[in-house]
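Novice: Structure incoming, see below.
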Amino acid sequence: MIEEIQFLMDKYRAWLKDKTALRQVENHVEITTPFLDRHNDYIQIYAKKENGGYMLSDDGYTIQDIELSGCSLDSPKRQSLLKATLAGFGVQNANDALTVKVTADNFSIRKHNLIQAILATNDLFYLAQPYVANFFLEDVEKWLDQLEIRYTPKVNFTGKSGYEHRFDFAIPKSKRAPERILKVINHPTKEAALSLAFSWVDTKEVRSVEARAYAILNDREQHLSGSVIDALKNYEVTAVAWNEKDKRKEELAA
């Protein structure tokens, strides 16, 4: 089993390296990553030397794109959600640019966190859709509360690689069931699934061998792609479509 997981980890690292491109842009280095935004464009970040280290930034693209698409982020609740989202990854909002200061020693981890923050912030675009009566994360939390499931929200685990991963809920082990780790994905894409898969593969190495991971997927107004389900299944993450969530309530409430 360890050999199989190591093989998958090696494949992920090779994919990450092969699909990353660098380009000099004046006094910045443009880093094109293999992760896609909601337009299916590759996410780009920029590195600049600063005070003996580096400043990584999305150059303001993420928030500007969301607002130009009709999703205003100026309400107190959405600002609070944006602030909480960025804080979970240690990322700052500097005049609408997502930024993080790094050193040579923590470059990989901080770059990883910035990309995760961009993906999470991208997800906020879907707050503008009329079908969203409440934030999807709040809907999931309300569902867990209705089932009287005991959980810890917003948990961070440091994986075997040293990267820190944020999960939305952790349901503790009971006499009938092992620890269950939940991640809520409002806009299920293959890239979001692969990001979660990497987080889980890295995290499960330091959790109980019986621990399980679940992805709660918003399928209220969007079809779940087979590539999303397959990507999760291949890395032993249980996909839970929101419209079929009650099929899983017994194992989550156990």
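Novice: Residues to consider are Lys111, Lys154; find the one that is modelled with pLDDT of 85 or more, of a type in the set (D, E, K, R) and over 29 Å from Glu26 (Cβ atoms).
Specialist: Lys154
Novice: Could you pull out every one of the strands (runs of 3 or more DSSP E) wholly within the range 6-101 that has 1 or more residues that are surrounded by 17 or more Cβ atoms within 10 Å (Cβ to Cβ)?
Specialist: Those strands (runs of 3 or more DSSP E) span 28-36, 42-50, 53-57, 92-94.
Novice: Determine the pairs where a residue that is over 28 Å from Tyr12 (Cβ atoms), located within the range 234-254, has a partner that is of a type outside the set (Gly, Ala, Ser) and assigned to a helix (DSSP H, G or I) with Cβ atoms under 7 Å apart, the partner being 6 or more residues away or on another chain.
Specialist: From residues that are over 28 Å from Tyr12 (Cβ atoms), the pairs are Lys245/Trp143.
Novice: Right, another one. If we only count strands (runs of 3 or more DSSP E) wholly inside the range 149-245, which ones have 2 or more residues that are surrounded by fewer than 16 Cβ atoms within 10 Å (Cβ to Cβ) and not β-branched (Val, Ile, Thr)?
Specialist: By residue number, 152-158.
Per-residue answers, yes or no, for (1) among the hydrophobic types (A, V, I, L, M, F, W, C); (2) touching an Asp or Glu at 6+ places or on another chain (Cβ under 6 Å); (3) touching a residue at least 12 places away in the same chain (Cβ under 8 Å):
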| residue | (1), (2), (3) |
| --- | --- |
| Ala21 | yes, no, no |
| Asn40 | no, no, no |
| Asp65 | no, no, yes |
| Cys71 | yes, no, yes |
| Asp105 | no, no, no |
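Residue-wise test of (1) farther than 15 Å from Ile171 by Cβ; (2) modelled with pLDDT under 90.
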site: Val206; (1), (2): yes, yes
site: Glu210; (1), (2): no, no
site: Ala213; (1), (2): no, no
site: Ile216; (1), (2): no, no
site: Ser225; (1), (2): yes, yes
site: Ala241; (1), (2): yes, no
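The values are calculated or read from the model by the stated rules, or taken from the named source; none is laboratory data. As the structure is a computational prediction, the values presented were derived from the model and not from experiment. No Cβ is skipped: glycine too gets one built from the backbone with ideal geometry, and neighbour counts run over all protein chains shown.
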